[in-house]
Amino acid sequence: MMSALDFFPRNFVDLLFIDPPYNLSKTFNSNTFREMGTAEYAQWVDSWLTKLIPALKQTASLYICGDWRSSGALQQIIEKYFKVQNRITWERDKGRGAKSNWKNNSEDIWFCTVSDDYYFNVEAVKLKRKVIAPYTKENGKPKDWEKTENGDYRLTHPSNIWTDLTVPFWSMPENTEHPTQKPEKLVAKIILASSREGDIIFDPFLGAGTTSVVAKKLGRRFVGIEVDELYGCLAEKRLLMAEKDKTIQGYSDGLFWERNSLNFQNTKNGRRNNPEGFSLSEK
């Protein structure tokens, strides 16, 4: 990654998405990352993060992923260079149980900006959710929700707690053999919130290409760096597939949907029980 950055122009990136190895021992095909002390991990992050800064526009946003082991070190470093706007915590819908500890099924995403002048489109990332206890106005009409033949739904503002994501598994079209692949839906939320069509999205730890694939599907330009040849090939394959298939699971009709809403989405689009509709949203 370091050598590639020498060829990059300055101030060209609108949105930087970083999903680095977390501070745990993990094998990524031909490469293995070894767990280290928190201070050493922070130094490692600092060593490459400073190299990325010149590529960012003054209006750019940055999202950097971590887990409970690495999140503290990430905060320590990003506060040196950026304005930290928020920390998103998202729930993985699967994870191994533990006999002597709490089950670990959440991860963090730090949202930062280069300056106070940045782009954020909250309307693009609202979530359509089922209304459990609908309120009505005095005239009996729905209050801030919509009544349909398939149920009552409300558009909700996005919070920094994300519970509507599904980690890619074997039957999902986006799934690859990369061990820490992020859901396309997760990346789509970030891209839609913090970039405009035509903006440049940069991912220096591209993996199997999710960031570039979602950027392409959403009409953004993209740059990615990946050191592993197999993952690079998977990314290229997925980019070719994205030329014909623009769907993102969990996102349709310009809206994000909560889990287990596929049947309603297919009904709304006239595709009830159509197997081809599976690629439109998450299971």
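The values are calculated or read from the model by the stated rules, or taken from the named source; none is laboratory data. This is a predicted model, so every value here is computed, not measured. All Cβ positions, glycine included, derive from the backbone under ideal geometry; neighbour counts span all protein chains shown.
Some observations on this one:
- Cβ pairs under 6 Å, 6+ apart, first in the range 30-54 and touching a residue at least 40 places away in the same chain (Cβ under 8 Å), second basic (Lys, Arg) and loosely packed, with under 13 Cβ neighbours inside 10 Å: 54/10
- All conditions but one from (1) surrounded by 14 or more Cβ atoms within 10 Å (Cβ to Cβ); (2) assigned to a loop (DSSP other than H, G, I, E, B); (3) within 23 Å of the chain's Cα centre (by Cα); (4) of a type in the set (A, V, I, L, M, F, W, C) apply to residue 36; the one that does not is (3).
- Flag if residue 101 is modelled with pLDDT under 80, surrounded by fewer than 16 Cβ atoms within 10 Å (Cβ to Cβ) and in a loop (DSSP other than H, G, I, E, B): no
- Pairs are defined by a Cβ separation below 8 Å, a sequence spacing of at least 6 or placement on different chains, a first member in the range 152-165 that is assigned to a strand (DSSP E or B), and a second member that is hydroxyl-bearing (Ser, Thr, Tyr) and at pLDDT 85 or above; the pairs so defined are 161/89; 162/89.
- Failed condition for residue 20, given (1) surrounded by fewer than 14 Cβ atoms within 10 Å (Cβ to Cβ); (2) outside any strand (DSSP E or B): (1)
- Output for the range 84-113, where each listed residue is in contact with a Lys or Arg (Cβ under 6 Å, 6 or more places away or on another chain) and without any contact (Cβ under 8 Å) to a residue 12 or more places away in the chain: 95, 97
- Qualifying residue in the range 195-213 (condition: modelled with pLDDT of 90 or more, of a type in the set (A, V, I, L, M) and over 14 Å from the mean Cα position of the chain (by Cα)): yes
- Verdict on residue 60 being part of a helix (DSSP H, G or I), over 18 Å from residue 258 (Cα atoms) and either modelled with pLDDT of 95 or more or of a type in the set (D, E, K, R) (or both): no
- If you go through the range 63-98 and keep only what is more than 17 Å from residue 180 (Cβ to Cβ), not in a strand (DSSP E or B) and not charged (D, E, K, R), you end up with 72, 73, 75, 76, 77, 78, 81, 82, 97, 98.
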